[in-house]
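Please read the structure below before turning to the comments.
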Amino acid sequence: MPLTIEPLPVKLRVADYLTLDELGAFDAYGKTELIEGEIVYRNAQHRPHARIKSRLYRLIADTLDYIGSDLEALIEGSIAMPPHNVPEPDISLTAEPEGKGLIPLTSLALVIEVADATVKNDLGRKRRIYAREGVPEYWVVDVNRAVIHQMWRHDGDSYTEQREIAFGARIAAATIAGLAVEMNTL
């Protein structure tokens with residue numbers, strides 16, 4: 001390590017985080033994520049958040065079955081994004097739902113965060129991480145504003161294409177052929 005005149009934070013790596021988690025280091029905190037090498041506590045999910053997540057999951061899973069997609073929707077699966085990120089989005093669409101360990105980054109087609117208290121973080125820090133790591137499409141379901149922020153076509157740590165879809169309207173995935181859900185049931 002180089003000599004420094006100011007204290008520098010130490011970022012945990014994915015392997016460090018998984019080892020500490022396995023040893024029970026975070027048990028007292030409930031759910032956590034590793035974001036940019038920092039252990040981040042996750043809030044309890046209140047009914048509006050849980051209800052919307054559950055309904056959106058069902059809509060997406062049913063649509064994937066209907067269109068015969070090889071993708072599967074998973075709820076709260078942790079994603080391996082070495083060296084310093086293990087986010088746990090509300091819903092992720094993966095081509096590799098089977099297997100041990102974390103969801104492989106390369107298997108992701110869409111990541112969805114449902115947000116009431118965390119909108120700023122989900123549209124800021126997490127958006128940059130998902131774009132930088134190459135997640136093809138990212139949705140943030142803004143519970144309070146009743147809109148979905150849809151983003152795709154990543155470039156560096158941003159998405160170059162985006163739109164807002166109001167609850168009550170139909171949203172079609174920009175990167176997954178045939179995936180569209182009617183948001184009037186949220």
Which FRET efficiency value, to the nearest 0.05, do you get for ASP157 and THR106 by plugging their Cβ-Cβ distance into 1/(1 + (r/R0)^6) with R0 = 30 Å? 0.95
Which log10 I(q)/I(0) values, to two decimals, does region 132-186 give at q = 0.13, 0.18, 0.26 Å⁻¹ under the Debye formula with one point per Cα? -0.32, -0.60, -1.04
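Ratio of Rg to Rh for region 88-163, alpha carbon only, Kirkwood?
On the way: Rg = 12.2 Å, Rh = 12.6 Å.
Rounded to two decimals, Rg over Rh is 0.97.
Where the only charges are on Cβ atoms (+1 Lys, Arg; -1 Asp, Glu), what is the dipole of the chain about its Cα centre, to the nearest 20 debye?
Once rounded to the nearest 20, the dipole reads 540 debye.
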Between ILE60, PRO82, VAL141, whose Cα lies farthest towards the positive end of the dipole of the chain when Lys and Arg beta carbons carry +1 and Asp and Glu beta carbons carry -1, centred on the Cα centre? VAL141
Relative contact order for the chain using alpha-carbon pairs under 8 Å, separation at least 6, rounded to a whole percent? 15
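Taking the convex hull of the Cα atoms, report for region 50-119 its projected area averaged over all directions, in nm².
Details: hull surface 20.6 nm².
The number I arrive at for region 50-119 is 5.1 nm².
Could you tell me what percent of the DSSP beta bridges with both partners in the chain are antiparallel, to the nearest 5? All intermediate terms of the calculation are to be shown ahead of the outcome.
Working: 31 of 38 bridges.
Once the DSSP bridges in the chain are tallied, antiparallel ones form about 80 percent.
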With unit charges on the beta carbons (Lys and Arg positive, Asp and Glu negative) and the dipole taken about the Cα centre of region 44-185, which residue among MET151, ALA50, THR118 sits farthest to the positive side? THR118
Translational diffusion coefficient of region 14-76 at 25 °C, 0.890 mPa s, Stokes-Einstein with Kirkwood Rh over Cα pairs, in µm²/s as a whole number. 172
Please give every one of the lysines within straight-line cross-link reach of LYS100, meaning a C-alpha to C-alpha distance under 30 Å, and leave out same-chain neighbours fewer than 8 residues apart. LYS11, LYS31, LYS53, LYS126
Shape parameters for the chain, alpha-carbon atoms, Rg then Dmax in Å: 17.0, 60
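Find, among the trypsin sites (Lys or Arg not before Pro) in region 87-186, those assigned to loop by DSSP (not H, G, I, E, B) with at most 14 other beta-carbon atoms within 10 angstrom. Each step should come with its number before you reach the end.
Values: sites: LYS100, LYS120, ARG125, LYS126, ARG127, ARG128, ARG132, ARG145, ARG153, ARG163, ARG170; in loops: LYS100, ARG145.
Sites meeting the loop and neighbour criteria: LYS100, ARG145.
LYS11: net charge of surrounding residues, Cβ under 12 Å, Lys/Arg +1, Asp/Glu -1, itself excluded? Numbers along the way, then the final one.
On the way: positive: ARG13; negative: ASP16, GLU36, GLU38.
Summing Lys and Arg as +1 and Asp and Glu as -1 gives -2.
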Kyte-Doolittle mean at least -1.0 and Cα axial length at least 15 Å: DSSP H helices in the chain: 47-67
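No lab work stands behind these numbers, since they all come straight from the coordinates. Bear in mind that the values here come from a model prediction, so they are computed numbers and not experimental data. FYI the Cβ positions are ideal-geometry reconstructions off the backbone, even for glycines, and counts take in every protein chain you see.
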